[in-house]
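The values are calculated or read from the model by the stated rules, or taken from the named source; none is laboratory data. These figures come from a predicted structure and were not determined experimentally. Cβ placement follows ideal geometry from the backbone for every residue including glycine, while neighbour counts extend to all protein chains displayed. Quick note on the areas: whole protein, heavy atoms, side chains included, nothing else; ligands and nucleic acids left out. Shrake-Rupley method; radii C 1.70, N 1.55, O 1.52, S 1.80 Å.
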Amino acid sequence: MEIYVVDSYEALSTRAALIVAGQICAKADTVLGLATGSTPLGMYRELTEMHKKQKLDFSRVISFNLDEYLGLAPDNVQSYHYFMWENLFQHINIRPENTHIPDGLAADTDAACLQYEQALQRAGGVDLQILGIGRNGHIGFNEPSSRFTGPTHVVRLSEDTIKANARFFASVEEVPTHAITMGIKTIMQAKKILLLANGKEKAQAIKAAACGDIDPAVPASILQLHPDCIFLLDREAAQYL
Ligand code: GLP
């Protein structure tokens with residue numbers, strides 16, 4: 001694992017976007033694994049600028065998002081579908097058919113998870129996976145557990161995560177209790193991983209993930225075993241390292 005610490009959220013966003021842009025320049029049909037949440041928003045803004053001003057070309061890029069809430073339709077403003085279109089996809093020239101996000105309305109969730117994994121394998125696997133991190137150390141929606149998870153699956157969200165994500169909803173009762181997420185196995189199969197974290201509320205999770213035992217109670221700690229993983233942090237998130 002390589003750890004880079006930058007001065008500000010702006011610097012983190014610019015550096016992250018440059019890494020993504022470099023990947024796309026090296027391989028036009030890159031398969032990107034994408035994350036939602038507040039953390040990657042600055043990176044998505046930078047990538048939008050790079051597309052508009054420097055003609056960064058997403059026309060052959062394929063994307064697979066990490067996760068989606070169960071029970072939310074794609075046009076629900078709280079869904080991760082909506083988030084991705086609002087914050088990135090509508091601003092760049094990615095082809096809609098090349099974007100993939102788990103189906104939050106799937107009637108047969110097991111089948112939906114299997115199809116998602118199969119589509120990912122058909123695309124050749126993720127070249128560069130972007131990750132945020134939950135305050136409890138979750139990645140995607142892989143919550144602290146007694147064992148590391150496998151492929152894409154349905155997960156029950158922890159109380160911590162429901163409370164943390166309630167800030168995006170009108171009330172905590174509105175936060176879905178379940179989600180579909182790429183599993184730890186899916187994430188670990190990515191060829192390269194870029195984890196982003198900013199702010200002091202992520203500092204404990206970063207310390208546990210980067211320096212603690214490899215323990216499913218801190219799902220991100222498994223990243224210590226990935227052969228090509230970067231943690232890109234601001235000073236606050238890195239304060240306990
Ligand atoms: C959600 C997402 C994660 C994300 C995490 C942190 O739970 N499922 O993929 O990393 O939130 O979000 P934020 O970046 O808003 O702190």
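With respect to G132, determine if the residue is more than 22 Å from A237 (Cβ to Cβ) and touching a strand residue (DSSP E or B) at 6+ places or on another chain (Cβ under 9 Å).
Values: more than 22 Å from A237 (Cβ to Cβ): no; touching a strand residue (DSSP E or B) at 6+ places or on another chain (Cβ under 9 Å): yes.
In short, no.
If we scan the range 90-99, do we find a residue that is more than 16 Å from the ligand (Cβ to nearest atom), farther than 18 Å from F168 by Cβ, open to solvent by 20 Å² or more (accessible area, probe 1.4 Å) and aliphatic (A, V, I, L, M)?
Scanning the range 90-99 turns up no residue that is more than 16 Å from the ligand (Cβ to nearest atom), farther than 18 Å from F168 by Cβ, open to solvent by 20 Å² or more (accessible area, probe 1.4 Å) and aliphatic (A, V, I, L, M).
Could you tell me which of the residues R15, R60, R45 is within 16 Å of the ligand (Cβ to nearest atom), farther than 22 Å from T109 by Cβ and open to solvent by 60 Å² or more (accessible area, probe 1.4 Å)?
Numbers: R15 fails: within 16 Å of the ligand (Cβ to nearest atom); R60 fails: within 16 Å of the ligand (Cβ to nearest atom).
Testing whether each residue is within 16 Å of the ligand (Cβ to nearest atom), farther than 22 Å from T109 by Cβ and open to solvent by 60 Å² or more (accessible area, probe 1.4 Å) leaves just R45.
Which numbered condition in (1) touching a Phe, Trp or Tyr at 6+ places or on another chain (Cβ under 6 Å); (2) polar (S, T, N, Q); (3) open to solvent by 40 Å² or more (accessible area, probe 1.4 Å) is the only one that T36 fails?
(3)
Any residue in the range 36-63 that is touching a residue at least 40 places away in the same chain (Cβ under 8 Å) sitting within a Cβ distance under 8 Å of a residue that is open to solvent by 20 Å² or more (accessible area, probe 1.4 Å) and among the aromatic types (F, W, Y)? List the pairs, counting only those 6 or more apart or interchain.
Within 8 Å, the pairs are T36/Y80; T36/F83.
Which residues, counting only those in the range 114-156, are over 18 Å from A205 (Cβ atoms) and either within 16 Å of the ligand (Cβ to nearest atom) or among the acidic types (D, E) (or both)?
Within the range 114-156, Y116, E117, V126, D127, L128, T152, H153, V154, R156 meet the criteria.
Being within 15 Å of the ligand (Cβ to nearest atom), at negative phi and open to solvent by 30 Å² or more (accessible area, probe 1.4 Å) narrows it down to one residue among N87, N76; which is it?
Numbers: N76 fails: within 15 Å of the ligand (Cβ to nearest atom).
Testing whether each residue is within 15 Å of the ligand (Cβ to nearest atom), at negative phi and open to solvent by 30 Å² or more (accessible area, probe 1.4 Å) leaves just N87.
Starting from residues that are within 19 Å of H153 (Cα to Cα) and more than 16 Å from the ligand (Cβ to nearest atom), keep the ones in the range 184-232 and report whichever is least open to solvent (accessible area, probe 1.4 Å).
P216
Can you pull out every residue in the range 158-180 that is within 9 Å of the ligand (Cβ to nearest atom) and either more than 21 Å from Y82 (Cα to Cα) or open to solvent by 10 Å² or more (accessible area, probe 1.4 Å) (or both)? If you could, list the steps in order and put the result at the bottom.
Of the residues in the range 158-180, the ones within 9 Å of the ligand (Cβ to nearest atom) are 161, 164-165, 167-168, 179.
Listed by number, the residues that qualify are A164, N165, R167, F168.
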